[in-house]
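Nothing in this text is a laboratory measurement; each read-out follows from the coordinates by a stated rule. Please read all numbers here as calculations on a predicted model, not as lab measurements. Using ideal geometry, Cβ is built from the backbone for each residue, glycine included, and neighbour counts are taken over all protein chains shown.
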There are 2 protein chains.
Amino acid sequence: MPNRLGHPLEKPLFDQLTLIGVGLIGSSLARVARRQNFAKTIVAIDSSEDARKKIAALHLADRVTGDYAEGVKNADCVILCVPVGACGSVAEKIASSLKAGAILSDVGSVKGAIVSQIEPHLPKQVHFVPAHPVAGTEQSGPEAGFATLFNNRWCILTPPEGTNKDAVAKLRLFWEGAGSNVEEMSPSHHDLVLAITSHLPHLIAYNIVGTAADLEAVTESEVIKFSAGGFRDFTRIAASDPTMWRDVFLNNKDAVLEMLGRFTEDLSALQRAIRWSDGEMLFDHFTRTRAIRRSIIEIGQDSATPDFGRQTKDDPVQ
Amino acid sequence: MPNRLGHPLEKPLFDQLTLIGVGLIGSSLARVARRQNFAKTIVAIDSSEDARKKIAALHLADRVTGDYAEGVKNADCVILCVPVGACGSVAEKIASSLKAGAILSDVGSVKGAIVSQIEPHLPKQVHFVPAHPVAGTEQSGPEAGFATLFNNRWCILTPPEGTNKDAVAKLRLFWEGAGSNVEEMSPSHHDLVLAITSHLPHLIAYNIVGTAADLEAVTESEVIKFSAGGFRDFTRIAASDPTMWRDVFLNNKDAVLEMLGRFTEDLSALQRAIRWSDGEMLFDHFTRTRAIRRSIIEIGQDSATPDFGRQTKDDPVQ
C-alpha cells in the first residue's frame, strides 16, 4: 500500500540513500526523504564546494562529500540529480563503487539518451530505474528546494525491459511517498510526451524573450514595464537553469525537432490567417484551445484562480 | 495631485459615467468607479440581455440599458469596453447622441485601428482620449471583473495631437484612481510595444495548445496530465476570450506580422543550434533571458515567488 503523504514510514525504505547533485530537485528530494523517513542515512554528493557548504548549512543530509566513490559505496539507492548531460560521466565515475543490489535512478527530463548513456557503465547487479518527476520551478540551487515540490505532480518511470520488479516497486513507493502519482512508459514515448508538454514550451519561451530583448523600435524598459499583457508569463519559464535546458535540447533532439516542426507549420497557418484577415479561422482556433485549460484545472494540474492567483496575492488593496 | 488608491474622491469626477460593454474590463471599471466615487451616476449599456441581467443582479451600475443613444446622452464620460472590432460601429451608433464637451474613451488593446475607426464618426465638441489598461485575466464576463484589476498596472493613453488637455488630465485622474500608472505615447508606438508584450505571446500560446491537441503519437490526456512541465502556463493565456483576440490580430496586423517574423527567424536559429548540437549557442541564449525576468520582478510587474506562487497555494501539505 502506498505510504500516504504526511505519514512518515515506520521502517525506512533504505539504510542509505545517496543523492548526487543537490540543486532544486536534489535538495527537494533530500527534504522529502527526511520528512518521510525514507532512509536511515542520507548522503549528498556534489562536485561544487560552494554547494556542499550550502547543503551542510541547511542540514539536508547526514553526510556531505565530494568523493563520489566513497559517497555511493554503501548506498542502497543512488539518485542522480545532475543535468542530463552529466549523467553518463557520473555513472562511469560511480559504477565500480556501487554495491550489488543497489538501485540507481535519476531525475532527468530526457529518458532515451540517459538510458543509453548510463546503461553501458553499469554492473549487472545494479538495478537501474530511470525516473522523471514532472515538477520544478524556475529557480535553481539547494536553497530553492522544498519538500512539497512533488506533491500532486506526476513522476514517470521508464524501467528497461526485465528490470528487477522489487527495485521498481521500491522506487514507486519512494515517489508516492513524495506525494506524486507514478506512471510507467517507454523512454522513447516519455521523450515525445515531454517534448510537447515541457521542452517545446521552454524553447519558445526562451525564444520570445530573446526576440523582445533584440528589438530596436521598442526599448527593453518598455518590454519590462508593459509585460503584464502576457509576456511576463514567458519570462518565468525563460528564467530556468541554462545548463539543464541546454542538455535537454541536446539530448532530446529528434522529438523536439519533430514538435517544433509541427508548431512552426501551425504558426504559419495562423500567420496566413492574420495576413488575409481570416477572422473565422482565428476565432475557431482560439475557441478550441479553451477546453484543454479546463481539463488541466479539472484534474488538479493547475489552479482555477484567474491569472494563477497572482493578482489578489500581490495586491496591497483587497 | 493624483488621488491615492483606496481614498475615494470627495467630489466625483463626472456627473454621469457611461460604460458600454460590461465584460471583464467594463465590469471591473464599474466596480472601480463605485469604490472611488468617480461618478454620481454610473450607466451601463450592453447589447446582450443576459449580460444586462447579470450587471443588474451584481448592482454594478445605477442604470442598465440596451438603448445606446439614451444611455450616453447625459454622460460626461463614455468608455467603450467592447472588443476592438466593435468600436467603430458603436461609435457610429452613439456619435450623434454624445453631449458637447463629453469625453469618449475606450480600453482596446489596439490603438491605431481604433483611432481610425472612431474618429471619423465624432462631432468636434467630443474629446476622444483613447486608452489601454494593460491588465486582465483569462476570464471573461461581468462576474469575472474585480475592483483591483488595474492596481499597479500600466494604462497607456494615446491622445491624438491637439486633444483637449483637461480631458486628458481627467482621464489620467480616473486611471490613477484605479491604481494604475499612466503613460502617454502615439497609437503606432503603442501597437508595436503591445505586439511584442501581449499580442505575440497570446498568438504563440494559442498556437502551441493547438499543436498539442493535434498530435497522434501523444494523447490529449497525456498532454493534460503532464502539463506541469511548462505547457500549463500557455494554456492559461490560450483560454482568453476568442472574440477579443480575433479582433486584436485583425486590427494590429502589421505590427504582429513584424514581430512574428522576428520571432520565427530567431526560432530558426535555435532550431539550427539544436540540430547541429551547438550547446554553447543554446547556453548563451538561455543565460541572457534571465535578466529580463529579474527586471520585471524588480519593478513589481510580477511576483518573485517561484512558479507564480502556485505550488504553495495549491498544496494541501505545507
With -39,500 (n - 2.57) per DSSP H segment of 4 or more residues and division by the full residue count of chain A, the 222 nm estimate, nearest 500 deg cm²/dmol, is -13500 deg cm²/dmol
Within the set B:Gly108, B:Gly177, B:Gly162, GNM on chain B using Cα springs under 10 Å gives the largest fluctuation to B:Gly162
Shielding of B:242-250 by other chains, given as the mean Cβ count within 10 Å, works out to 6
Counted neighbours (other Cβ, 10 Å), sorted fewest up, put A:Asp233, A:Asp307, A:Asp50 in the order A:Asp50, A:Asp307, A:Asp233
Between the modelled labels at A:Ser295 and A:Thr65 (7 Å from Cα along Cα→Cβ) the distance in nm is 4.8 nm
re region A:189-304: pairs of Cα atoms spaced beyond 23 Å account for a percent value of 46 percent
The answer for A:Val134, listing residues at least 5 apart or on another chain whose modeled amide H is closer than 5 Å to its amide H, is A:Trp154, A:Cys155, A:Ile156
Region B:14-185: Kirkwood hydrodynamic radius (Cα pairs, Å) comes out at 15.5 Å
Within chain B, excluding any trypsin sites (Lys or Arg not before Pro) found in a DSSP loop (not H, G, I, E or B) and having at most 15 other Cβ atoms within 10 Å, the longest uninterrupted segment runs B:125-318
Footprinting proxy, A:Glu70, A:Glu10: sorted fewest to most Cβ within 10 Å, the residues are A:Glu10, A:Glu70
Applying the gyration tensor rule to the Cα atoms of region B:242-308 (axes a ≥ b ≥ c; rounded if a/c under 1.5, else prolate if a/b exceeds b/c, else oblate), the class is oblate
Rounded to a whole number, the mean other protein chain Cβ count within 10 angstrom for residues of B:253-264 is 4
Straight-line reach check, B:Lys73, cutoff 24 Å on alpha carbons, 8 or more apart in-chain or any other chain, hits among lysines -> B:Lys11, B:Lys40, B:Lys53, B:Lys54, B:Lys93, B:Lys99, B:Lys124, B:Lys165, B:Lys170
With 0.36 nm assigned to each residue of separation and the Cα-Cα distance removed, B:Ser89 to B:Ala56 gains 9.4 nm
DSSP beta bridges in the protein assembly as shown: the antiparallel percent, rounded to 5, is 10 percent
Yeah, region A:37-96 with a ≥ b ≥ c from its alpha-carbon gyration tensor (a/c under 1.5 is rounded, else prolate when a/b outruns b/c, oblate otherwise) is oblate
Taking the square root of 5λ for each eigenvalue of the C-alpha gyration tensor of region A:109-259, the equivalent ellipsoid has semi-axes, largest first and in whole angstrom, of 35, 18, 12
At 4 °C and 1.567 mPa s, the Stokes-Einstein diffusion coefficient in µm²/s for region A:118-161, with hydrodynamic radius from the Kirkwood sum on alpha carbon pairs, is 100 µm²/s
The alpha-carbon pair-distance distribution computed for chain A, with 10 angstrom bins and whole-percent values, is 5, 23, 32, 22, 12, 5, 1
Here the net charge surrounding A:Ala269, from other residues whose Cβ is less than 12 Å away from its Cβ (Lys, Arg +1; Asp, Glu -1), is -2
The protein assembly as shown -> Rg/Rh from Cα coords, Kirkwood Rh, value 1.04
Footprinting proxy, B:Trp276, A:Trp154: sorted fewest to most Cβ within 10 Å, the residues are B:Trp276, A:Trp154
Restricted to region A:87-202, the DSSP antiparallel beta bridge percent, nearest 5, is 30 percent
Percent of all alpha-carbon pairs of region A:92-166 at distances over 18 Å, whole number, is 49 percent
Length gained, A:Glu258-A:Asn164, 0.36 nm per residue minus C-alpha separation, equals 30.5 nm
Counting only residues 5 or more apart in sequence or on a different chain, those whose built amide H sits under 5 Å from that of A:Asp106 are A:Leu80, A:Ala131
Per-residue average of other protein chain Cβ atoms inside 10 Å, peptide B:136-148 -> 3
Counting only DSSP beta bridges fully inside region A:14-185, the antiparallel percentage to nearest 5 is 10 percent
